[in-house]
Structure formats: C-alpha cells, structure tokens
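A.B. asks: Please read through the structure below; I'll follow up with questions.
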Amino acid sequence: MDPILKRHPLSPLFAPNPMHLWESKYVFNPAVVYDGELFHMLYRAQGADMVSRMGYAVSTDGIKWNRMENPVFEPKENNEMYGVEDPRLTHIDGKYYMTYTAYSPENISIALASTQNFITWKRHGIVIPESPNKDAAIFPEKINGKYVMFHRLEPDMWLAYSDDLIKWNNYTKIASPRKNSWDNVKIGVGGTPIKTEYGWLVLYHGVGEGPRLIYRLGFMLLDLNDPTKILKRSETPCLEPKETWEKFGGVPSVVFSDAIVEYKDQYYVYYGGADNYIALATIKKEEIKNWIEN
C-alpha cells in the first residue's frame with residue numbers, strides 16, 4: 001500500500017498578509033530546513049504587482065511560525081524581472097544553498113544563491129540556462145565524487161552533475177509521466193532528497209489530466225550510489241487536493257511541495273495549497289519503511 005500524508009490539524013499554517021503589499025495576494029511553495037534547534041522557511045509570495053518574492057519565517061516546532069515583515073530575497077537581476085520562484089534549500093559544508101527559478105520575459109531558468117543566516121544572500125547566477133526549466137533541488141552530499149541536482153525539462157525529471165555547484169553538465173533523464181496514471185502530464189521534484197538506509201527518498205509532484213490540471217504528490221526511492229535508478233515509485237498519490245483551500249485559489253486543484261524535513265520519528269512535508277496558503281502534512285518514518293520493504 002502506498003504511503004499517505006496526513007494533513008496537520010492546524011493546516012493551513014498561514015495565509016497572505018493584506019498589511020504587506022509584497023505578500024498580500026498569495027503565499028505558497030515554501031522551502032524548509034531544520035537545523036537541530038529551529039525550523040527555517042523561505043516561502044514564495046506575491047502581492048498586487050504579481051512579482052514573486054521570498055519571505056522568511058522561523059519556528060521552534062515547525063507548526064507555529066514568526067514571519068518577517070519584509071522579503072529577504074527579491075528580483076535583482078534582469079533575468080529575474082518577473083520574479084524569483086519556488087526555492088529549495090540544501091545544507092552543504094556550513095552553508096545553505098538555494099536553487100530557485102529565475103523568471104524573465106526571455107527565460108525561465110535555474111539559478112543558485114547561498115546564505116548562512118537566511119537574511120543576507122550571495123547570488124551565483126543562472127546555473128542551468130536551458131529554458132524553460134524549473135524544479136531544481138541539490139542532493140545533500142556528493143555521489144561518486146559529484147554534486148547532483150534535480151531539474152525539470154518538461155515533462156520529465158532530470159539529473160545534472162557538477163564539481164563546484166556552479167557548472168552543471170551530463171544531463172540525464174531519470175523519470176517521465178506515466179500514461180493512464182495520476183502523474184500522466186508532467187512531473188518534478190519536491191524538496192531536497194533525504195538519505196535513508198534503503199536509498200534516496202524523493203518527494204515529487206505529478207500533474208494529471210482532469211476537467212483542469214491537478215497537482216498531486218508522490219514518492220520515489222532512488223539507488224544510493226546511482227540515483228538514475230528508480231527502486232520504487234508511488235502508484236497512487238500520497239496527497240491530492242481535497243480541502244476547499246486546496247481546490248480553489250490562485251491556481252485551483254494544487255498541492256505543491258518544495259520541502260520534506262526529517263523531524264524525530266516523522267517526515268514533515270510543507271506545501272502550497274492552490275497557490276494561496278502554506279500547509280503541513282506529515283507521515284511517520286515507519287510508514288515509509290513499510291512501503292519500501294513491502
């Protein structure tokens with residue numbers, strides 16, 4: 001039986017703030033990391049100008065969040081003119097690296113920035129220039145001496161490899177949509193992959209056909225030494241739009257995640273609901289273990 005995510009009873013955790021122009025319309029698609037003491041969240045937000053910026057929030061328990069009044073990352077370069085979108089965070093050698101989508105009239109490309117405090121950022125520019133490209137997430141450690149990153153050349157999930165996190169090459173397609181399935185239109189990685197004794201646990205989103213496109217979530221398990229090898233993949237979604245605030249909003253019928261966090265005996269999955277709200281769903285590690293073993 002495929003694993004099922006359970007919505008936290010306090011979901012959605014928070015909504016747009018009409019007092020802040022930059023996040024007055026939508027908040028969604030957060031990246032979250034846990035440093036052993038605090039949860040740190042970067043979330044995508046849009047206001048009246050519909051330009052995507054990133055806000056920062058912090059929490060002691062991953063449920064109740066304190067948000068900053070101003071964005072911590074916003075468009076600065078010409079290739080980000082229309083917004084900075086959908087962050088994913090990976091901790092490597094004492095820094096947090098953020099992959100994000102740089103959106104401009106000419107390109108939709110993968111960019112990289114790094115920080116140690118989530119407030120001040122160093123931009124490393126566009127690292128995968130092919131356009132349109134989205135859904136990038138870096139593995140938390142080297143594999144066979146190389147950094148590895150997910151990206152999405154529509155409609156498939158790809159990997160890229162690097163020696164220095166800046167120059168990426170050897171693009172390799174690893175997964176595609178499946179006909180007659182819940183993920184039959186396009187797919188893309190969710191949060192940063194999590195290393196387990198069984199393989200790399202990967203959350204991903206799948207888009208399926210319906211009266212309108214529907215975004216759902218599922219899991220993959222990849223080989224530890226060869227992440228192009230899929231060991232297991234959800235036959236049914238682990239989360240799909242059911243609540244009113246997931247079905248109706250800026251983009252209806254969407255649950256979309258950029259973050260899966262290992263915390264105590266559970267995995268916390270943070271996601272955007274219909275591009276309007278930020279929510280939390282959880283699953284016990286034991287349930288993932290049972291899915292893998294059975």
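Where a number appears in this text, it was derived from the coordinates with a stated rule and is not lab data. Please read all numbers here as calculations on a predicted model, not as lab measurements. Virtual Cβ from ideal backbone geometry, glycine too; neighbours counted across all protein chains shown.
A.B. asks: Which whole number in µm²/s is D for the chain by Stokes-Einstein, with the Kirkwood Rh taken over Cα pairs at 20 °C and 1.002 mPa s?
C.D. replies: Estimated diffusion coefficient is 114 µm²/s.
A.B. asks: Just to verify a number: FRET efficiency for I4 and N294, C-beta to C-beta distance, R0 = 22 Å, to 0.05?
C.D. replies: Using R0 = 22 Å, I get an efficiency of 0.95.
A.B. asks: OK, next. With a cap of 13 neighbouring Cβ atoms within 10 Å, and only residues DSSP puts in a loop, list the GluC sites (Glu not before Pro) found in the range 209-294.
C.D. replies: Passing both the DSSP loop test and the Cβ count: E209, E235.
A.B. asks: Based on C-alpha coordinates, I'd like the Rg and Dmax of the range 138-208, in Å.
C.D. replies: 12.9, 40
A.B. asks: How much length would be gained if the chain were fully extended between W245 and Q116, taking 0.36 nm per residue of separation minus their Cα-Cα distance, in nm to one decimal?
C.D. replies: 43.1 nm
A.B. asks: Okay, moving on. If I model a spin label as a point 7 Å beyond the Cα along the Cα-Cβ vector, how far apart are those points for E235 and I166 in nm?
C.D. replies: That separation, rounded to one decimal, is 4.8 nm.
A.B. asks: Next up: Debye calculation, C-alpha points only, no solvent: report log10 I(q)/I(0) for the range 80-210 at q = 0.09, 0.11, 0.19 Å⁻¹, in the same order as the q values.
C.D. replies: Ignoring solvent entirely, the Cα scatterers give -0.25, -0.38, -1.11.
A.B. asks: Still on this model: Take T196 and N17, extend 7 Å from each Cα along the Cα→Cβ direction, and tell me the distance between the two endpoints in nm.
C.D. replies: It is 3.6 nm.
A.B. asks: Right, here's the next one. What do you get for trypsin sites (Lys or Arg not before Pro) in the range 177-213 restricted to DSSP loop and a cutoff of at most 11 other Cβ within 10 Å of the site's Cβ?
C.D. replies: Sites meeting the loop and neighbour criteria: K179, R212.
A.B. asks: Please order S176, S24 by the number of other Cβ within 10 Å, starting at the fewest.
C.D. replies: The most exposed by this proxy come first: S176, S24.
A.B. asks: Determine the calculated [θ] at 222 nm for the chain from helices alone, applying -39500 (n - 2.57) to every DSSP H run no shorter than 4 residues and normalising by the residue count; nearest 500 deg cm²/dmol.
C.D. replies: -1000 deg cm²/dmol
A.B. asks: If you don't mind, another one. Express the C-alpha Rg of the range 43-103 as a ratio against the empirical globular expectation 2.2 N^0.38 Å, rounded to two decimals.
C.D. replies: My calculation over the Cα atoms of the range 43-103 gives 1.22.
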